[in-house]
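Q: Just dropping this structure here.
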Amino acid sequence: MGCSWCDLDNSSNYFIYTSEHFNVYLSEDQSLLGRLILVLNRHASSLSDLTSEEIQDFFSNVKIIEKTLAESFGATMFNWSCLMNNSYKEQPCFPHVHWHCRPPYAHDVSFTGQVFSDPDFAHHYNNKRKLTVSSEVQHMIITSIRTSIKNNFTIL
Ligand SMILES: [Zn+2]
(Lines give C-alpha, C1' and ligand atoms only; values in the text may rest on other atoms or scores of the structure.)
Protein backbone atom coordinates (compact mmCIF):
# COMPACT_ATOMS: atom_id res chain seq x y z
CA MET A 1 0.00 0.00 0.00
CA GLY A 2 1.34 3.41 -0.96
CA CYS A 3 0.21 7.01 -0.79
CA SER A 4 -3.58 7.26 -1.08
CA TRP A 5 -3.33 10.89 -2.28
CA CYS A 6 -1.08 9.85 -5.17
CA ASP A 7 -3.71 7.27 -6.17
CA LEU A 8 -6.36 9.98 -6.61
CA ASP A 9 -6.87 11.35 -10.12
CA ASN A 10 -9.50 12.92 -12.36
CA SER A 11 -11.40 9.62 -12.54
CA SER A 12 -12.53 10.15 -8.93
CA ASN A 13 -16.22 10.97 -8.40
CA TYR A 14 -15.00 13.83 -6.20
CA PHE A 15 -12.74 15.43 -8.86
CA ILE A 16 -13.59 19.08 -9.61
CA TYR A 17 -10.69 20.51 -11.64
CA THR A 18 -6.97 20.49 -12.12
CA SER A 19 -4.52 23.38 -12.20
CA GLU A 20 -0.85 23.33 -13.17
CA HIS A 21 0.26 21.78 -9.87
CA PHE A 22 -2.88 20.74 -7.98
CA ASN A 23 -5.99 18.61 -8.30
CA VAL A 24 -9.10 19.86 -6.55
CA TYR A 25 -11.66 17.45 -5.08
CA LEU A 26 -14.92 17.87 -3.26
CA SER A 27 -14.66 16.63 0.32
CA GLU A 28 -16.79 13.64 1.35
CA ASP A 29 -17.89 15.83 4.27
CA GLN A 30 -20.31 18.52 3.12
CA SER A 31 -21.32 19.78 6.59
CA LEU A 32 -19.92 23.04 5.17
CA LEU A 33 -21.36 23.19 1.66
CA GLY A 34 -18.60 23.19 -0.95
CA ARG A 35 -15.87 21.99 1.40
CA LEU A 36 -13.03 20.81 -0.82
CA ILE A 37 -9.46 19.58 -0.86
CA LEU A 38 -6.48 20.76 -2.93
CA VAL A 39 -3.94 18.01 -3.52
CA LEU A 40 -0.44 18.61 -4.88
CA ASN A 41 0.02 16.75 -8.18
CA ARG A 42 3.30 15.17 -7.07
CA HIS A 43 4.32 13.50 -3.87
CA ALA A 44 5.86 15.97 -1.42
CA SER A 45 5.84 15.47 2.34
CA SER A 46 6.03 18.99 3.70
CA LEU A 47 5.18 22.57 2.79
CA SER A 48 8.89 23.37 2.77
CA ASP A 49 9.31 20.91 -0.14
CA LEU A 50 7.12 23.03 -2.42
CA THR A 51 8.65 25.09 -5.21
CA SER A 52 7.92 28.79 -5.72
CA GLU A 53 5.86 27.87 -8.79
CA GLU A 54 3.75 25.46 -6.75
CA ILE A 55 3.17 28.05 -4.01
CA GLN A 56 2.19 30.59 -6.68
CA ASP A 57 -0.23 28.09 -8.23
CA PHE A 58 -1.65 27.34 -4.78
CA PHE A 59 -2.37 31.03 -4.30
CA SER A 60 -4.04 31.24 -7.74
CA ASN A 61 -6.26 28.36 -6.65
CA VAL A 62 -7.13 30.14 -3.39
CA LYS A 63 -8.37 33.09 -5.44
CA ILE A 64 -10.39 30.83 -7.76
CA ILE A 65 -11.91 28.77 -4.95
CA GLU A 66 -12.82 31.62 -2.62
CA LYS A 67 -14.56 33.59 -5.37
CA THR A 68 -16.29 30.44 -6.60
CA LEU A 69 -17.62 29.27 -3.23
CA ALA A 70 -18.81 32.79 -2.39
CA GLU A 71 -20.58 33.09 -5.73
CA SER A 72 -21.98 29.54 -5.87
CA PHE A 73 -23.22 29.11 -2.31
CA GLY A 74 -22.74 32.44 -0.50
CA ALA A 75 -19.89 31.25 1.71
CA THR A 76 -19.20 33.96 4.27
CA MET A 77 -15.49 33.29 4.81
CA PHE A 78 -12.82 30.63 4.29
CA ASN A 79 -10.68 28.50 6.56
CA TRP A 80 -7.66 26.82 5.00
CA SER A 81 -5.72 24.09 6.74
CA CYS A 82 -2.76 21.94 5.78
CA LEU A 83 -2.99 19.03 8.22
CA MET A 84 -0.76 15.98 8.01
CA ASN A 85 -1.86 14.12 11.17
CA ASN A 86 -3.79 11.30 9.51
CA SER A 87 -0.77 10.40 7.37
CA TYR A 88 1.12 9.40 10.51
CA LYS A 89 -1.53 7.12 11.95
CA GLU A 90 -0.15 4.14 10.03
CA GLN A 91 3.33 2.87 9.26
CA PRO A 92 4.85 3.20 6.81
CA CYS A 93 3.39 6.70 6.50
CA PHE A 94 3.06 8.69 3.29
CA PRO A 95 2.48 12.36 4.14
CA HIS A 96 1.41 14.24 1.00
CA VAL A 97 0.85 17.99 0.93
CA HIS A 98 -2.83 18.94 0.63
CA TRP A 99 -5.07 21.72 1.90
CA HIS A 100 -8.62 21.55 3.21
CA CYS A 101 -10.81 24.53 2.40
CA ARG A 102 -13.74 24.86 4.81
CA PRO A 103 -16.23 27.60 3.87
CA PRO A 104 -18.24 28.69 6.94
CA TYR A 105 -21.68 30.27 6.57
CA ALA A 106 -23.35 32.99 8.65
CA HIS A 107 -26.72 31.88 7.25
CA ASP A 108 -28.52 28.73 6.14
CA VAL A 109 -28.16 27.78 2.49
CA SER A 110 -30.80 25.95 0.51
CA PHE A 111 -29.29 23.92 -2.32
CA THR A 112 -31.15 21.28 -4.36
CA GLY A 113 -33.94 21.33 -1.79
CA GLN A 114 -31.57 20.53 1.07
CA VAL A 115 -30.85 23.08 3.80
CA PHE A 116 -27.22 23.37 4.89
CA SER A 117 -26.72 25.00 8.31
CA ASP A 118 -23.52 26.04 10.04
CA PRO A 119 -24.19 25.99 13.81
CA ASP A 120 -20.48 26.52 14.54
CA PHE A 121 -20.11 29.73 12.54
CA ALA A 122 -17.41 32.05 13.94
CA HIS A 123 -16.07 29.24 16.14
CA HIS A 124 -13.50 26.56 15.47
CA TYR A 125 -15.12 23.88 13.32
CA ASN A 126 -16.57 20.86 15.07
CA ASN A 127 -14.78 17.87 13.55
CA LYS A 128 -17.44 15.54 14.96
CA ARG A 129 -20.06 17.16 12.73
CA LYS A 130 -20.09 15.39 9.34
CA LEU A 131 -22.55 15.41 6.50
CA THR A 132 -22.46 13.00 3.59
CA VAL A 133 -24.72 13.94 0.68
CA SER A 134 -26.17 11.63 -1.95
CA SER A 135 -24.10 11.04 -5.08
CA GLU A 136 -26.72 13.05 -6.99
CA VAL A 137 -26.32 16.11 -4.73
CA GLN A 138 -22.55 15.64 -4.77
CA HIS A 139 -22.61 15.75 -8.56
CA MET A 140 -24.77 18.91 -8.49
CA ILE A 141 -22.38 20.64 -6.07
CA ILE A 142 -19.44 19.81 -8.35
CA THR A 143 -21.35 20.99 -11.42
CA SER A 144 -22.25 24.26 -9.69
CA ILE A 145 -18.61 24.87 -8.74
CA ARG A 146 -17.38 24.08 -12.27
CA THR A 147 -19.98 26.36 -13.84
CA SER A 148 -18.94 29.25 -11.62
CA ILE A 149 -15.26 28.68 -12.42
CA LYS A 150 -16.01 28.60 -16.16
CA ASN A 151 -17.92 31.88 -15.85
CA ASN A 152 -15.07 33.68 -14.09
CA PHE A 153 -11.78 32.06 -14.99
CA THR A 154 -10.05 30.54 -18.00
CA ILE A 155 -8.70 27.52 -16.12
CA LEU A 156 -11.45 25.10 -17.30
ZN1 LIG B 1 1.58 10.98 -2.46
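The values are calculated or read from the model by the stated rules, or taken from the named source; none is laboratory data. Computed from a predicted model, the values in this text were never measured in an experiment. Cβ placement follows ideal geometry from the backbone for every residue including glycine, while neighbour counts extend to all protein chains displayed.
Q: Given the condition in a loop (DSSP other than H, G, I, E, B), of a type outside the set (Asp, Glu) and modelled with pLDDT under 95, answer yes or no: does some residue in segment 142-154 qualify? Break it down stepwise before answering.
A: Going through segment 142-154, the residues in a loop (DSSP other than H, G, I, E, B) turn out to be 153-154.
Checking which are of a type outside the set (Asp, Glu) leaves us with 153-154.
Applying the additional criterion that residues be modelled with pLDDT under 95 yields 153-154.
Yes, that holds for at least one residue.
Q: Follow-up question, since we're still on this one. Using the structure shown, decide if residue 64 is surrounded by fewer than 13 Cβ atoms within 10 Å (Cβ to Cβ), over 25 Å from residue 126 (Cα atoms) and among the aliphatic types (A, V, I, L, M).
A: Numbers: surrounded by fewer than 13 Cβ atoms within 10 Å (Cβ to Cβ): no; over 25 Å from residue 126 (Cα atoms): yes; among the aliphatic types (A, V, I, L, M): yes.
Considered against the rule, which asks whether it is surrounded by fewer than 13 Cβ atoms within 10 Å (Cβ to Cβ), over 25 Å from residue 126 (Cα atoms) and among the aliphatic types (A, V, I, L, M), residue 64 comes out as no.
Q: Residues in segment 89-99: is at least one of a type outside the set (A, V, I, L, M, F, W, C), surrounded by 14 or more Cβ atoms within 10 Å (Cβ to Cβ) and assigned to a loop (DSSP other than H, G, I, E, B)? Spell out the reasoning first.
A: If we filter segment 89-99 for residues that are of a type outside the set (A, V, I, L, M, F, W, C), which is where we start, we get 89-92, 95-96, 98.
If we keep only those that are surrounded by 14 or more Cβ atoms within 10 Å (Cβ to Cβ) too, we end up with 95-96, 98.
Remaining after also requiring assigned to a loop (DSSP other than H, G, I, E, B): 95-96.
Yes, that holds for at least one residue.
Q: Another question, then. Looking at segment 79-87, can you tell me whether even one residue there is free of Cβ contacts under 8 Å to residues at least 40 places away in the same chain, in contact with a Leu (Cβ under 7 Å, 6 or more places away or on another chain), among the aromatic types (Phe, Trp, Tyr) and closer than 24 Å to residue 141 by Cβ?
A: Of all residues in segment 79-87, those free of Cβ contacts under 8 Å to residues at least 40 places away in the same chain come to 80-87.
Imposing the further condition that a residue be in contact with a Leu (Cβ under 7 Å, 6 or more places away or on another chain) reduces the set to 82.
Filter once more, keeping what is among the aromatic types (Phe, Trp, Tyr): none.
So far as segment 79-87 goes, no, none of its residues is free of Cβ contacts under 8 Å to residues at least 40 places away in the same chain, in contact with a Leu (Cβ under 7 Å, 6 or more places away or on another chain), among the aromatic types (Phe, Trp, Tyr) and closer than 24 Å to residue 141 by Cβ.
Q: Scan segment 67-81 and give yes if some residue there is farther than 23 Å from residue 111 by Cβ and either exposed (fewer than 13 other Cβ atoms within 10 Å of the Cβ) or more than 15 Å from the chain's Cα centre (by Cα) (or both), otherwise no. Give the steps one after another, and end with the answer.
A: Start the filter on segment 67-81 by keeping residues that are farther than 23 Å from residue 111 by Cβ, which leaves 81.
Retained after the next criterion (residues that are either exposed (fewer than 13 other Cβ atoms within 10 Å of the Cβ) or more than 15 Å from the chain's Cα centre (by Cα) (or both)): 81.
Yes, some residue in segment 67-81 is farther than 23 Å from residue 111 by Cβ and either exposed (fewer than 13 other Cβ atoms within 10 Å of the Cβ) or more than 15 Å from the chain's Cα centre (by Cα) (or both).
Q: Still on this structure, I have one more. When you scan segment 100-117, how many residues do you find that are part of a loop (DSSP other than H, G, I, E, B) and closer than 30 Å to residue 3 by Cα?
A: We begin by selecting, within segment 100-117, every residue part of a loop (DSSP other than H, G, I, E, B); these are 103-108, 112-113, 117.
If we keep only those that are closer than 30 Å to residue 3 by Cα too, we end up with 103-104.
Of the residues in segment 100-117, 2 are part of a loop (DSSP other than H, G, I, E, B) and closer than 30 Å to residue 3 by Cα.
Q: Sticking with this one: State which residue pairs qualify: first residue touching a residue at least 40 places away in the same chain (Cβ under 8 Å) and inside segment 41-64, second residue hydroxyl-bearing (Ser, Thr, Tyr) and surrounded by 15 or more Cβ atoms within 10 Å (Cβ to Cβ) in any location, beta carbons under 8 Å apart, and separation of 6 or more residues or different chains.
A: 60/19; 61/19; 64/19
Q: Quick check on segment 77-108: of everything there that is touching a helix residue (DSSP H, G or I) at 6+ places or on another chain (Cβ under 8 Å) and not aromatic (Phe, Trp, Tyr), which residue is farthest from the ligand (Cβ to nearest atom)?
A: Filtering segment 77-108 for residues touching a helix residue (DSSP H, G or I) at 6+ places or on another chain (Cβ under 8 Å) gives 78, 80, 82, 93-99, 101, 103, 105.
Adding the requirement that they be not aromatic (Phe, Trp, Tyr) leaves 82, 93, 95-98, 101, 103.
Values: 82: 14, 93: 11, 95: 8, 96: 3, 97: 9, 98: 9, 101: 19, 103: 25 Å.
Once the filter is applied, the top-ranked residue is 103.
Q: Continuing with this model, one more query. Of everything in segment 1-60, what is in a helix (DSSP H, G or I), away from the ligand (no atom under 14 Å from the Cβ), under 22 Å from residue 87 (Cα atoms) and among the polar types (S, T, N, Q)? Give them in sequence order.
A: 48, the sole residue that qualifies.
Q: Further question on the same structure: How about segment 61-85: which of its residues are in a loop (DSSP other than H, G, I, E, B) and either on the phi > 0 side of the Ramachandran plot or of a type in the set (A, V, I, L, M, F, W, C) (or both)? Give the derivation first.
A: Residues of segment 61-85 in a loop (DSSP other than H, G, I, E, B): 74-78, 82-84.
Result: 74, 75, 77, 78, 82, 83, 84.
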